[in-house]
Every structure is written in C-alpha cells, then in structure tokens.
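Working notes, beginning with the structure itself.
The values are calculated or read from the model by the stated rules, or taken from the named source; none is laboratory data. All values derive from a computational prediction rather than experimental measurement. Because the Cβ atoms are built from the backbone with ideal geometry, glycine has one as well, and the counts that use them run over all protein chains shown. Ligands, DNA and RNA are stripped out before the accessible areas are found, and what is left, the full protein with its side chains, is counted by its heavy atoms. Shrake-Rupley method; radii C 1.70, N 1.55, O 1.52, S 1.80 Å.
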Amino acid sequence: MRDLTMNTFGHFDDSGREYVITNPATPWPWINYMGTEDFFSLISNTAGGYCFCKDAKFRRILRYRYNGVPMDAGGRYYYIKDGDTVWNPGWKPCKTELDAYECRHGMGYTRVTGEKDGLKADVLFFVPIGHRCEVHRVRLTNTGNVRKSFQLYSFVEWCLWNASTDMENFQRNLSTGQVEIDGNVLYHKTEYRERRDHYAFFGVNRKFDGFDTDRETFIGLYNGFEAPQQVFAGTSGNSVAHGWSPIASHRFDLTLEPGASEELIFVLGYVENAPEEKFVAPGVINKAKAQVMMRAFATGAQVDAAFAALKAYWDDLLGRFIVASDVPELDRTVNVWNQYQCMITFFFSRSASYFESGIGRGMGFRDSNQDLAGIVHLIPDRARQRIIDIASTQFPDGGCYHQYQPLTKRGNNDIGGGFNDDPLWLIFGTVAYIRETGDFGILDEPVPFDNKPGTEVSLLEHLKISFAHVTDNLGPHGLPLIGRADWNDCLNLNCFSDNPDESFQTTENKTEGSKAESLMIAGLFVAEGRDFAELLERIDADKAYVDKVRADVAAMEEAVKKYGWDGEWFLRAYDYYGRKIGSDECEEGKVFIESQGWCTMARIGAEEGLCDKALDSCVNYLECEHGMVLNTPAYTHYIKDYGEISSYPEGYKENAGIFCHNNPWVIIGEAMAGRAEDAWRHYKKITPAFTKDQALRKVEPYVFCQMVAGKDAEKPGEGKNSWLTGTAAWTWKAVSEALLGIKPQYDGLLVEPCIPIGTYRIRRRFRDAEYDLTIRQTGKGGKAFIPYKPGKQVLDLTL
Ligand code: GLC
Ligand code: GLC
C-alpha cells in the first residue's frame, strides 16, 4: 500500500463527480473543501485539516499545525480499537496497514472508507447547507463471520479561535481553555465568558461510554496523535479541560454480529448567541442553538436528506455549463473540477489551503475580482455582493486596499494600497458580471469609500475613478506607473531592499521620481478600457466621456507600440531609472509572459503583426514540457532593483516558474489570433486532468495549481500551491469562452470556438435561457450570435 515507487494514487469517477484516492500515502496531502455559505472545512484524504466560520484567522474552530512533522497531523480522527489493533479508516494517524482504503473527494463532501480484519468503517464528511457544522456519518459494518466487540473513539482538537495567537501566545493560552459537557455533546467555550459570543461543539446522536476533553489525559504528554494512551488502553479519562489544550473525544463500546452495521452521526458545529442570550445560568452557556443542530441530524434519514440537498445544490450549479466532446479530460475539467475550483477560490480567495495558512491574507482586491470570472454564471447574487464589498475598499482617488478581511470587510492597513493594477480589475469583474446577468442596475448601487458611511457614490463612479487612476499615474513613456507592483507581486521596482526584515510588497524605499512603468498594466488598460467604453455606450453614458475613454485607450496603444515593443515581443516594464525589463538587451529576464498575454488579448499592434510575433515568442522562448514559464532566462542572483522576483531560485514561483495563472492569458491571446493548435496545446499542458505522472506533479491531480516548477528548476513539472489561485477563473474563461467559444455578451451569447476537437455539444444556462448547442467546426473560424431569449433553444451550428 505504501509503495513509494508508485505513481498513480487514484482516478476520476466522472459519473459521481468524484476523485477516488486508492492509496492513502499520496505524494502530498490531497485535499478537498466543504461548505457553501460561511462555515468551511479543509479535509485531506486522511481526514486531516480544520474548519472555521467566516474567517480562517479569527474564527478558527479546529487547531492545525502547518509546520508539523509529519505534516498534515490533526483533523477529525476516528480510532477503532479491535483487540490489540488500533486503526483509523483514513489510515492516519496510526498508519496501521489497512485491508482496504478509499477516499472519495466529491462536490462539498469527502468519504473515507477503511477496512481491517473484517470490520469496515465508512465515514462521510460534509457541511450541510443552512447549518454551521460538519456532519460525520460513521457507518461500521462487520464484514467477517464472527461477532466483533470493539471500541470507536472520535477526536478533534480545538483551536482557541484566533489561529494566529493560538500558536504564539502560550503564556495566556495555556490558562484560558474552557469546556462544558452536556448530554451527548462536548462544548468548547474558551473566551465565551468575556467578549466572544460564539462557541463550538462536537456531539453525537447517541449516548457515549466515555469521553475526554483534555488533550494530555487523552493522548498523553509524550505521545503523538498516532498513540493516544486512552485508546490503546481501551479507556476514557472522562477529563474536563481547564486550560492547557482542550479537545473533544467520545468513546463507544460496540458489538456487531456478522453482517451487521451500526451508524453514528457526529456533528461538529459552531454557534453565535446575542450578548444578552449568552448564558442560561452563571457560567452555563446557552446551548439551544447547538441542540437544534443536533436534533437536525439525529437520524440517518435526516443525514440522507441533507446530503441529497447538497448534491442537488451542486447538480443545479454544474448543470449550467456542460460540454460533451470526444476528450474525456476536457469534459471532466470543464464540467466538474474547474468550476468546482472556481467556487472554492471565490469563497476562500487566497486565505486557507495547504499552502496558505489562513492567517496571512484575507481577500485580495485583484484576486477576488478575477475570481468573479469563474463564478458569475453559477452564483450571480453572491458575485454582485462581492463586487460591492470589494469596491467599498476603494479610496476616492481610485486607488484601493490591496486586501480586506472577510470578517470585517475592512481594508487591511498592514498592506495598504499602491498596487497600480488593482483598480482596473474592478472594471474586469463588473463587466464579467453584467455580461452574464444583464444586471446593469448594479452600476447605480451606492458604494462608499474605505467603508466610510456617508461617502457613497455609484458603482459606476467607482469604475470611472478606477480607469482614471491609470491615466492620472502615467510615466515618462505615457505608460502606467507600476507602483508597488502590478499583477506580479514580485516585480518590486521601487523597493530596493537589502534588509531581509522588510516586506518586498509593502516597502518602497524609493518612489519619488520613479520612472518604473508596466506593460502588463498597459495591456490590461487597453483591454479593460475597451470593455469599459462598450459598457458606457450600452448605458448611454455621456458621449464626451466615452470619447475620452476611447481616446485614452488609443493613446495607450500608441505608447505600447512606440515604447513597449522589443522587436520580437512586448517589453515587460521600465525600471525606476527608465531602463528596460524583459528586453533582448537584458542579460536575464529577456522575455516575460504577462505583457505578451495582456497585449495580445488587447490585440495591440495586431495589424502590424505584433501579436503573432509575441505569441510566437511565447512558443519559442517560454513554452516547455509542462507549460509556459513566467520569464526567461531565469534570474540567477538577487537584483536589488527588481526585488522579490530575483529572490526565488531559478524555475520557482515568479522567477521562471510556470505560473499557471498567466498561461490562460496567452491561451486567450492565441485564440483571438485564431491559432487553435497553439491555444489547445498550451491549455492541455497546464490542465491537471491531462497530467500523466502523478508522483512528479505531487499535488492534487484534479485541481490547478498556482505554480508548476519550470524548466530551470531542480524538478521541472513538480506542482505547488494547489487550489487557491487565479488560474481557476482564468482557465475557466479560457476554456469556456476562448476555446469552446461561448462568450456572454450584454444581449446574448456569441459563439466563436477555437479548439481543434471537431464537433461537440454545449448545454448552457444563460439568465432565464437554456441553450443546447451542437457546434460543428469546419476549421474556417466562423462565429454566430444568439440573441438572449428566455426559454429553451436547441441549435445546430456549423461554424
Ligand atoms: C499570487 C497573488 C496574486 C498575484 C500573483 C503573482 O497568486 O495572489 O495577487 O497576482 O501571485 O504575483
Ligand atoms: C509572494 C509570492 C506571490 C504572492 C505574494 C503575496 O511574493 O511569491 O506569489 O502573490 O507573496 O503577498
């Protein structure tokens, strides 16, 4: 089972929209997410991970140690003690060899099944819609032919709410922990006596035979999760935690006849109470809401119904865009995993994954705007709210906070603003939303500045100042000043840091008189400026203003052609001193991907052949076996004038890694240039369903990662930073719009495919319309416009 030479650890089950992991010793924890509203969980294929409500930093429910050894220790563990053998259905933490193991990651749920010595444990984990909890349905079956008496233990460890101070302020933490035990439920109420109005609980639908809430009693001071002393002794300490480390564990003494099954339902929940309703007696917490939740999952039938509702939720969402082609990897990516990942990145932004600790970053201004492109067709109402939330963190001059905290929705002062691409993404997100929904009304929504009541102006005004923020901040070549950084957080041209204790992102040691300009923002400005002008025309905006927008866009195009072209490709930037970056003149970092992507999407200099040349350069210089690298040649040493980009070893992250996020920019550029073969090849290279070597890829083969090690790296093809990445929304946009050619417009769908796969069928819901399209490609690159009309339409298109 733990054959380290294996390179297949699982497979897709398309019919169930599941990924099935058959070997628990995956090359890295392969995780899934649960939750659809504000209670969320991360769960690995061995049931590791944690959950939180609303905010992964401030409302962390389970403790999780990112730097632990072994990694991914801690989660929701079920232990079975059967004679002298102790095992877990998910293999970890005991790692007792199992007779059978399977983990199915599905849409918002994970099901782990283990079997040992004639006993099968099937644990279904999910977060039900409408409740702030995880439900764990534990089904035990005697698969042998002798009666079995054994014990089942549950186990979770509580985080003391603030995930950050939980791992640093021990002088306080080790004294604050408090619990209550009532009926079948173990409550965690640390800090509830003072300012918190929330507690957590772990309950079960039947009477238990023993329990523990103190970690030391349950595990033993010198043991790890793999050897809890109570489990090995077959006992419980019935401990009541006072300080130290509170946990929750139930014990059950069970007997099963051959063929018989037992089902236990555990609920791991979170409750908020109004201040005046916190207590029912001095020191006794008000448990009413927890009891309601416990009663909601008291029977198998209730769990089945809640699970069916979750399935129905995803069936509905994933019924909105379905492709049927001859390429199964394409179909499963489009129909299931890419859309699913778009939802997850929308919910989490870049906050909590197995590469993001949940305490570092909140919601990114640019990130969350880009994420919208992946979900506007799925959850338009939530997209609308998100746009308003994001815009509310803008400043009156069009600049904005780079990040905001989901709990408070306030801009993050530690990071501040000054990233000069940020404002334009608000236009990008809003346009994507209106094209999908036709909801022009959002433009009239009053939106404050920096969340200050009384400062509201319309969303449209916010878009105008976003646009103006670029034209108000032009450099010596008429190109956009870069500020702290543009999309590439690591191209820090005003930072000049030689102090390892300062942040590359937030430090500007020199700004005054900077000539640092960005060709990436220039391309973004032209593309989004055109979209903005089209939107303005559509709402009959003041003609003089529209003309000005168009003129600014035209001027930017001229500036790019004049100062942004290097002969074979678009330059990347000018540095503080006005020297070129991403030019053949440079020793390293001659070609960069971002400006090729944005300038070709903006079709700058297309008639003069610049786009085709730039796209050829992507193929000639950036493309490698696993995708296109961000820049080449990689920087081999630290360059103070450029900042963090040159801090990364060659082939990793922003220094010549395959930064998957920007590959789709080139893919879309290729498709706009009608270069279907190139577009398709680039797409297949970064799409995980096409990867063959799972051991090399290391991270989950069902989701995109932010970065795959590039050609200069030690191990090209090794993936990192899976799940939370703009790659999800951008590959979605690339495959659904540019390749499969379904482009939402204000008045209908434009069908303009560019993918060398012959005939395929698309079922697409669009507002109140449902289109069933058979698309027959003739290779001539034709297109068709389908005006929006509510109801069902079946069309056969030969293009
Ligand atoms: C990360 C950030 C994103 C940035 C990118 C490139 O993905 O979340 O904001 O654009 O890195 O540096
Ligand atoms: C680092 C990463 C980059 C990320 C940034 C966020 O610079 O390399 O990808 O966007 O941190 O602050």
Starting from residues that are open to solvent by less than 10 Å² (accessible area, probe 1.4 Å) and under 13 Å from Ser261 (Cα atoms), keep the ones in segment 107-122 and report whichever is farthest from the chain's Cα centre (by Cα).
-> Leu119
Name the residues in segment 308-364 that are within 15 Å of ligand 2 (Cβ to nearest atom) and either over 16 Å from the mean Cα position of the chain (by Cα) or of a type in the set (A, V, I, L, M) (or both), would you?
-> Ala352, Ile359, Met363
The correct count of residues that are in contact with a strand residue (DSSP E or B) (Cβ under 8 Å, 6 or more places away or on another chain), of a type outside the set (S, T, N, Q) and in a loop (DSSP other than H, G, I, E, B) in segment 65-96 is 12
For Asp397, state whether it is more than 18 Å from the chain's Cα centre (by Cα) and not in a helix (DSSP H, G or I).
-> yes
Give just the number: which of (1) at negative phi; (2) open to solvent by 40 Å² or more (accessible area, probe 1.4 Å) does Val327 not satisfy?
-> (2)
How many residues does segment 431-459 hold that are free of Cβ contacts under 8 Å to residues at least 60 places away in the same chain, closer than 26 Å to Tyr788 by Cα and of a type in the set (A, V, I, L, M, F, W, C)?
-> 1
Within segment 747-775, tally of residues that are over 18 Å from His377 (Cα atoms), touching a Gly at 6+ places or on another chain (Cβ under 8 Å) and either open to solvent by 70 Å² or more (accessible area, probe 1.4 Å) or in a strand (DSSP E or B) (or both) = 1
List every residue pair whose Cβ atoms sit under 6 Å apart, with the two residues 6 or more apart in sequence or on different chains, where the first one lies in segment 777-799 and is free of Cβ contacts under 8 Å to residues at least 40 places away in the same chain and farther than 17 Å from Ala738 by Cβ and the second, anywhere, is among the hydroxyl-bearing types (Ser, Thr, Tyr) and surrounded by 13 or more Cβ atoms within 10 Å (Cβ to Cβ).
-> Gln793/Tyr771; Asp796/Thr774
Those residues that are assigned to a loop (DSSP other than H, G, I, E, B) and on the phi > 0 side of the Ramachandran plot, I need them from segment 458-484; list them, please.
-> Gly478
Do the conditions hold for Glu276, that is, is it assigned to a strand (DSSP E or B) and open to solvent by 10 Å² or more (accessible area, probe 1.4 Å)?
-> no
The condition from (1) under 30 Å from Val69 (Cβ atoms); (2) open to solvent by 50 Å² or more (accessible area, probe 1.4 Å); (3) assigned to a strand (DSSP E or B); (4) not aromatic (Phe, Trp, Tyr) that Glu226 misses is numbered (3)
Which residue pairs have Cβ atoms closer than 8 Å, lie 6 or more positions apart in sequence or on different chains, and pair a first residue in segment 629-651 that is outside any loop (DSSP other than H, G, I, E, B) with a second residue that is open to solvent by less than 30 Å² (accessible area, probe 1.4 Å) and among the hydroxyl-bearing types (Ser, Thr, Tyr)?
-> Gly643/Ser497; Ile645/Tyr635; Ser646/Tyr635
Could you list all residues from segment 415-439 that are part of a loop (DSSP other than H, G, I, E, B) and under 22 Å from Leu481 (Cα atoms)?
-> Ile415, Gly416, Gly417, Gly418, Asn420, Asp421
Reported set for segment 469-501 where residues are more than 13 Å from ligand 2 (Cβ to nearest atom) and open to solvent by 30 Å² or more (accessible area, probe 1.4 Å) is Thr471, Asp472, Asn473, Leu474, Pro476, His477, Leu481, Asp498, Asn499, Pro500, Asp501
The one condition Phe347 fails out of (1) part of a loop (DSSP other than H, G, I, E, B); (2) at pLDDT below 95 is (1)
Strands (runs of 3 or more DSSP E) within segment 114-210 that include 2 or more residues within 22 Å of Ile31 (Cα to Cα) | 119-126, 133-142, 148-161
Condition check for Arg386: of a type outside the set (A, V, I, L, M, F, W, C), away from ligand 2 (no atom under 16 Å from the Cβ) and either in contact with a Cys (Cβ under 6 Å, 6 or more places away or on another chain) or in contact (Cβ under 8 Å) with a residue 24 or more places away in the chain (or both) | yes
Filter pass, Arg76 being closer than 15 Å to Ala47 by Cα, among the basic types (Lys, Arg) and open to solvent by less than 10 Å² (accessible area, probe 1.4 Å) | yes
Those residues that are closer than 24 Å to Thr600 by Cα, within 16 Å of ligand 2 (Cβ to nearest atom) and touching a helix residue (DSSP H, G or I) at 6+ places or on another chain (Cβ under 6 Å), I need them from segment 628-664; list them, please.
-> Val629, Leu630, Glu654, Asn655, Cys660, His661, Asn662, Asn663
Only unsatisfied item for Glu737, checking (1) out of contact with any strand residue (DSSP E or B) (no Cβ under 6 Å at 6 or more places or on another chain); (2) away from ligand 2 (no atom under 16 Å from the Cβ), is (1)
Tally time: how many residues in segment 687-715 are touching a helix residue (DSSP H, G or I) at 6+ places or on another chain (Cβ under 9 Å) and open to solvent by 30 Å² or more (accessible area, probe 1.4 Å)?
-> 3
Search result, residues across segment 341-368 that are more than 10 Å from ligand 1 (Cβ to nearest atom), of a type outside the set (A, V, I, L, M) and either closer than 18 Å to Phe419 by Cβ or open to solvent by 10 Å² or more (accessible area, probe 1.4 Å) (or both) | Phe347, Ser351, Tyr354, Phe355, Ser357, Gly360, Gly362
For segment 723-734, what are the residues that are out of contact with any Cys (no Cβ under 7 Å at 6 or more places or on another chain) and crowded, with 24+ Cβ neighbours inside 10 Å?
-> Trp723, Leu724, Gly726, Trp730, Thr731, Ala734
For the subset of segment 505-521 comprising residues that are within 16 Å of ligand 2 (Cβ to nearest atom) and at pLDDT below 95, which member is most open to solvent (accessible area, probe 1.4 Å)?
-> Glu508
